[in-house]
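Colleague: Dropping the structure in here first, questions after.
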């Protein structure tokens, strides 16, 4: 048998069994390795911390912008943006009236102070309010989102005369919340929202020319699908 020696630096009552090499008890540890569950927990904690640090380094500000030519003069296009009731005729995020869906216009009919509150649809709950209006040139809106997440952004429409029509720029910008930064890791917001902006500008062009806006992509696909043979 090996002999026990007091290990002074670990305390007067702590003994370590000393055995010669090759002895069955030579590898008796005084401190056992942590169990596998502890190792996994530590690894997960390190991963979460690393992910949190990475998310925190994402940009604090975002901007999404698309532009298109609209075959109508700036005054016509401006009227379709500055009046939120007319805005809703081409808005790609419009929710049709349905059980549980509320769309409420408030304030003046057009210009600063005019607002539109929506809720219950696929776009969630929120409100948009015109905060700046320059006839034929520019409209700025405050966008407030309440559900499924809270955020406040700004949308700016800039109108520039172009070849007998109007070059329309639609931009949205704001501060990136922690949730927004996390979402940007799995969803390209510029691509996702950019497609909606492009669809909205196409709708705006159609309405400005007096043409009914095109149906949504899904509706077009359904219409193009031949009916099954009986």
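Colleague: Of all residues in the range 106-117, which are surrounded by fewer than 14 Cβ atoms within 10 Å (Cβ to Cβ) and either in a strand (DSSP E or B) or on the phi > 0 side of the Ramachandran plot (or both)?
Modeller: Within the range 106-117, 106, 113 meet the criteria.
Colleague: If residue 129 satisfies all but one of (1) within 25 Å of the chain's Cα centre (by Cα); (2) surrounded by fewer than 18 Cβ atoms within 10 Å (Cβ to Cβ), what's the number of the condition it fails?
Modeller: (2)
Colleague: Related question: Write out, first by first residue and then by second, each pair whose Cβ atoms fall under 6 Å of each other, whose residues are 6+ apart or on separate chains, and whose first residue, in the range 192-212, is exposed (fewer than 13 other Cβ atoms within 10 Å of the Cβ) while the second is at pLDDT 95 or above.
Modeller: Pairs that qualify, where the first residue is exposed (fewer than 13 other Cβ atoms within 10 Å of the Cβ) and the partner is at pLDDT 95 or above, are 209/71.
Colleague: Of the residues 159, 84, only one is touching a helix residue (DSSP H, G or I) at 6+ places or on another chain (Cβ under 6 Å) and more than 27 Å from residue 60 (Cβ to Cβ); which?
Modeller: Being touching a helix residue (DSSP H, G or I) at 6+ places or on another chain (Cβ under 6 Å) and more than 27 Å from residue 60 (Cβ to Cβ) holds for just one of 159, 84, which is 159.
Colleague: Exactly one of these conditions fails for residue 90: (1) at pLDDT below 95; (2) closer than 23 Å to residue 202 by Cβ. Give me its number.
Modeller: (1)
Colleague: Of all residues in the range 57-81, count the ones that are loosely packed, with under 11 Cβ neighbours inside 10 Å and modelled with pLDDT under 75.
Modeller: 1
The values are calculated or read from the model by the stated rules, or taken from the named source; none is laboratory data. Keep in mind that this is a model prediction, so the values were computed, not measured. Backbone-built Cβ (ideal geometry, glycine too); neighbour counts: all protein chains shown.
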